[in-house]
Amino acid sequence: MANVQEKYDVAEALIGASTPSGGAIWAVAARETALANLRQMGAPHRRDEYWKYTNPTSLTAVDPLAADLFHTTEVRPFEMLDRIKLVFVDGIFDAAQSDDLSVDGVEIELLSDAMAKDIHWASSLYGVLEARGQSPVARPLAALNTVQAVQGFAIRVTGKAAKAISMVYLRGSETGDAMVHHVIKLEQGADLTLTENGPLAARANTVMEVEVADNAAFHHVRSQGRDHQRRAATHIFTQLGQESSFKSFTLTVNGRLTRNEAVIEFLGDNAHATVAGACAGDGDFLHDDTIFITHDAVNCESRQVFKKVLRNGATGIFQGKILVKAGAQKTDGYQLSKALLLDDDSNFMAKPELEIYADDVACSHGSTCGEIDDDAMFYLTSRGIPFKIAQDMLTLAFLHEALEEIENPVIAEDMGARLSDWMERRTG
Amino acid sequence: MLSIKNLQVGLEEEDKQILKGVDLEIGAGEVHAIMGPNGSGKSTMSYVLSGKSGYVVTDGSATLNGEDLLDMEPEERAAAGLFLAFQYPVEIPGVGNMTFLRTAVNAQRKARGEDELTAGEFLKEVRAKAKSLKIDADMLKRPVNVGFSGGEKKRNEILQMAMLSPKMCILDETDSGLDVDAMKLVAEGVNALRSEGRSFLVITHYQRLLDHIKPDVVHIMANGRIIKSGGPELALEVENNGYADLLAEVA
Ligand SMILES: Nc1ncnc2c1ncn2[C@@H]1O[C@H](COP(=O)(O)OP(=O)(O)OP(=O)(O)O)[C@@H](O)[C@H]1O
Ligand SMILES: [Mg+2]
């Protein structure tokens with residue numbers, strides 16, 4: 001079949017000549033494994049089951065794409081945190097704009113430095129969680145990232161991190177691709193807050209591999225940047241130990257295409273994971289959350305909470321799967337994905353999936369797509385609140401459920417304020 | 001104050017006439033009560049006056065101090081001084097009661113060309129008013145009407161009314177669902193607001209509320225029309241005899 005061949009041709013074109021060489025044996029091996037996987041999977045294609053709703057063509061085009069630079073004088077998110085800032089410009093770490101790589105309880109190292117060392121903890125993570133996450137659903141862009149990425153950090157957390165770590169992804173040039181790959185290891189009982197902010201590039205491909213050991217807690221909050229034409233494919237792969245906790249929240253406004261994938265695997269009992277997101281799109285906007293959660297331990301709880309506000313023909317996609325393996329008793333899997341369509345032109349497609357092989361589990365999923373409630377609207381306007389303000393209030397109220405998943409109330413409030421401002425700016 | 005002439009209203013979705021020619025004149029400072037059997041059109045009238053969608057005015061007019069109400073958006077009617085205490089207050093998850101109230105108060109002030117209240121001024125006022133209605137701070141913090149008991153919702157309506165200081169207040173069965181003490185409280189709240197420049201239209205099924213809020217005029221609505229108007233004694237008659245005799249009179 002012609003289109004099957006196309007997958008492999010596109011993959012070869014993406015692999016191209018720009019594959020880094022050298023480094024430690026384990027690093028070379030990880031890249032080779034990813035390369036072999038990618039060659040076997042081919043590039044994402046419209047006909048692939050998990051690319052049915054999102055056309056990957058613009059993510060797999062060989063030539064770099066352009067996106068206007070977004071300028072704002074607003075304070076960036078996460079500035080209020082006690083944190084160290086790691087700044088990337090066009091996907092390249094900029095030490096001059098960044099803080100020292102020093103936080104009590106944390107070892108931070110450039111990925112390229114880590115990958116040059118023959119003996120390094122990152123060898124058990126880099127490309128390893130990604131490769132594991134390739135089955136049963138292929139994620140070729142993540143494999144491509146493992147093959148090609150040279151930018152990123154290896155972060156090992158040994159206790160409670162004294163400060164949060166903030167990745168700030170700035171852009172300097174209109175045209176260009178960027179790849180970043182972070183490997184993060186939280187040792188037993190460790191605790192880290194990691195934030196990410198910004199578009200990274202006109203077209204971004206990110207991978208984050210996170211191992212959360214027993215009793216450790218990882219908090220992740222990100223805001224994806226307001227550049228209107230930017231595109232991004234992001235991937236989080238995580239493995240959770242006993243009584244560990246993983247919480248990730250993503251705020252997305254603007255951007256032409258965003259595909260956020262998360263692959264979460266419970267390996268130890270009594271652990272918790274939340275992946276949540278709030279997105280708001282206007283016009284040429286496609287936002288895709290593709291989540292895969294595997295319960296392979298007893299008494300773990302997973303929550304997926306996604307809210308999308310769509311207007312002027314914007315598109316929202318949710319593909320969320322919970323797999324409960326045999327023996328993963330007392331699993332509590334919660335999945336909620338809702339879209340609020342502010343007009344008839346906007347679309348929401350949801351594909352919630354449950355696959356359960358244990359008998360004592362409680363899994364629920366709810367996907368709905370609705371409009372602003374007329375009765376609520378009348379109630380607010382009858383009190384003298386103008387239509388647009390009332391609409392914004394109800395829109396923000398709709399997003400509230402996702403914002404509530406952010407543990408830090410100060411961040412939650414800030415994210416809410418940003419969404420509120422976004423809505424206020426939209427008048428037509 | 002409020003002048004309704006031959007108001008005829010049907011439903012947008014189906015061919016059904018609900019108000020069949022309502023005439024009502026409420027002067028400044030007056031309190032009128034409307035009673036009437038279930039389904040006679042009392043709530044419909046209050047909704048149409050406040051601008052709820054789904055209804056079609058097929059004939060007649062309604063003006064507030066000479067301004068054509070029916071031509072305005074709901075928020076404009078509110079800014080013009082109209083207030084409806086809902087029979088069934090709406091729950092709005094995710095919108096805080098305080099945010100809601102403050103946005104409403106300031107939107108109306110702005111629409112009238114007045115200065116907005118500062119956070120401090122607003123807080124002071126809302127606390128004082130909430131206290132007199134026995135609404136505790138916790139209720140103010142919760143999302144609008146979410147998890148409120150029936151009676152709490154009604155008190156919250158009166159709090160909004162007190163904060164917005166409207167000219168024309170319509171209370172749609174504010175007494176139903178209230179315990180005896182709460183009814184007194186609400187009546188006191190209403191009485192405190194009575195003034196020369198403010199009128200009330202109180203929709204109720206029970207004479208009891210009218211013991212506390214003494215009406216100047218009582219109207220009986222049946223089948224989409226006001227079939228009889230009179231003094232407070234009319235409410236007593238309904239309380240004692242029901243609507244059968246009154247309906248028979250007009251039949
Ligand atoms: N949106 C609607 N769709 C269908 N029927 C409606 C609608 N709104 C009102 N009606 C009908 O119009 C009539 C009048 O209703 P309305 O709620 O105004 O009565 P009411 O006098 O307030 O009654 P109650 O004393 O029970 O509150 C009823 O028969 C009701 O079923
Ligand atoms: Mg009614």
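The table below lists the values:
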| quantity | calculated |
| --- | --- |
| Enumeration of residues in the range A:191-208 that are out of contact with any His (no Cβ under 9 Å at 6 or more places or on another chain) and open to solvent by less than 10 Å² (accessible area, probe 1.4 Å) | A:Leu200, A:Ala201, A:Ala202, A:Ala204 |
| The range A:373-400, subset touching a residue at least 40 places away in the same chain (Cβ under 8 Å) and more than 7 Å from every other protein chain (Cβ to nearest Cβ), residue surrounded by the most Cβ atoms within 10 Å (Cβ to Cβ) | A:Leu399 |
| Condition check for A:Val87: of a type in the set (A, V, I, L, M) and open to solvent by 30 Å² or more (accessible area, probe 1.4 Å) | no |
| Set A:Leu38, A:Leu14, A:Leu86, A:Leu81: member being part of a loop (DSSP other than H, G, I, E, B) and of a type outside the set (Phe, Trp, Tyr) | A:Leu81 |
| Checklist (1) of a type outside the set (S, T, N, Q); (2) open to solvent by 10 Å² or more (accessible area, probe 1.4 Å); (3) without any contact (Cβ under 8 Å) to a residue 24 or more places away in the chain applied to B:Phe122, failing item | (2) |
| Among (1) more than 8 Å from chain A (Cβ to nearest Cβ); (2) open to solvent by less than 70 Å² (accessible area, probe 1.4 Å); (3) closer than 26 Å to B:Met221 by Cα, the one test that B:Arg109 misses | (3) |
| Test: B:Arg225 is at pLDDT below 90, within 16 Å of ligand 1 (Cβ to nearest atom) and of a type in the set (D, E, K, R) | no |
| Evaluation of B:Glu25 against (1) near ligand 1 (Cβ under 7 Å from one of its atoms); (2) free of Cβ contacts under 8 Å to residues at least 40 places away in the same chain (one fails), failing number | (1) |
| Where a residue in the range B:38-54 is touching a residue at least 40 places away in the same chain (Cβ under 8 Å) and open to solvent by less than 10 Å² (accessible area, probe 1.4 Å) and its partner, wherever it lies, is among the hydrophobic types (A, V, I, L, M, F, W, C) and near ligand 2 (Cβ under 9 Å from one of its atoms), with Cβ under 9 Å and at least six apart | B:Met45/B:Ile203; B:Ser46/B:Ile203 |
| Looking only at the range B:33-61, and only at residues there that are within 14 Å of chain A (Cβ to nearest Cβ) and either touching a Cys at 6+ places or on another chain (Cβ under 8 Å) or within 12 Å of ligand 2 (Cβ to nearest atom) (or both), the one that is nearest to B:Val190 (Cα to Cα) | B:Ser46 |
| Boolean, A:Ala417 is closer than 23 Å to A:Ile293 by Cα and loosely packed, with under 15 Cβ neighbours inside 10 Å | no |
| Those residues of the range A:131-168 which are open to solvent by less than 10 Å² (accessible area, probe 1.4 Å) and out of contact with any strand residue (DSSP E or B) (no Cβ under 8 Å at 6 or more places or on another chain), in sequence order | A:Pro140, A:Ala143, A:Val147 |
| Unmet requirement for B:Gln160, which otherwise passes all of (1) open to solvent by 60 Å² or more (accessible area, probe 1.4 Å); (2) within 21 Å of B:Leu82 (Cα to Cα) | (1) |
| Hey, A:Asp421 more than 20 Å from the chain's Cα centre (by Cα), not in a loop (DSSP other than H, G, I, E, B) and not basic (Lys, Arg) or not | yes |
| Residues satisfying the stated conditions in the range B:62-80, i.e. more than 8 Å from chain A (Cβ to nearest Cβ) and under 22 Å from B:Val144 (Cβ atoms) | B:Glu76 |
| Sole exception among (1) under 19 Å from A:Val89 (Cβ atoms); (2) not in a strand (DSSP E or B) for A:His182, by number | (2) |
| Matching residues in the range B:88-106 - criterion: being more than 7 Å from chain A (Cβ to nearest Cβ) and open to solvent by 30 Å² or more (accessible area, probe 1.4 Å) | B:Tyr88, B:Glu91, B:Met98, B:Thr99, B:Arg102 |
| Search result, residues across the range B:178-219 that are in a loop (DSSP other than H, G, I, E, B) and either surrounded by 15 or more Cβ atoms within 10 Å (Cβ to Cβ) or aromatic (Phe, Trp, Tyr) (or both) | B:Leu178, B:Arg194, B:Thr204, B:His205, B:Tyr206, B:Ile213, B:Pro215, B:Asp216 |
| Filter result for the condition that a residue is under 20 Å from the mean Cα position of the chain (by Cα) and within 26 Å of A:Leu396 (Cα to Cα), over B:Lys129, B:Lys153, B:Lys167 | B:Lys153 |
| Among the candidates A:Glu209, A:Glu196, residue that is under 24 Å from A:Ala412 (Cα atoms), at pLDDT 95 or above and assigned to a strand (DSSP E or B) | A:Glu196 |
| Among residues of the range B:122-141, those that are farther than 24 Å from B:Glu76 by Cα and either within 13 Å of another protein chain (Cβ to nearest Cβ) or among the acidic types (Asp, Glu) (or both), counted | 2 |
| Criterion (among the β-branched types (Val, Ile, Thr) and more than 16 Å from ligand 1 (Cβ to nearest atom)) met by exactly one of B:Thr58, B:Thr44, B:Thr63 | B:Thr63 |
| Breaking point among (1) over 23 Å from B:Glu237 (Cβ atoms); (2) modelled with pLDDT under 95, for B:Lys5 | (2) |
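The values are calculated or read from the model by the stated rules, or taken from the named source; none is laboratory data. Remember, it's a predicted structure, so these values are computed and weren't measured experimentally. Neighbour counts are summed over all protein chains in view; Cβ atoms, including those assigned to glycine, are modelled from backbone coordinates with ideal geometry. Areas reflect the complete protein model, heavy atoms only, side chains present, ligands, DNA and RNA absent. Shrake-Rupley method; radii C 1.70, N 1.55, O 1.52, S 1.80 Å.
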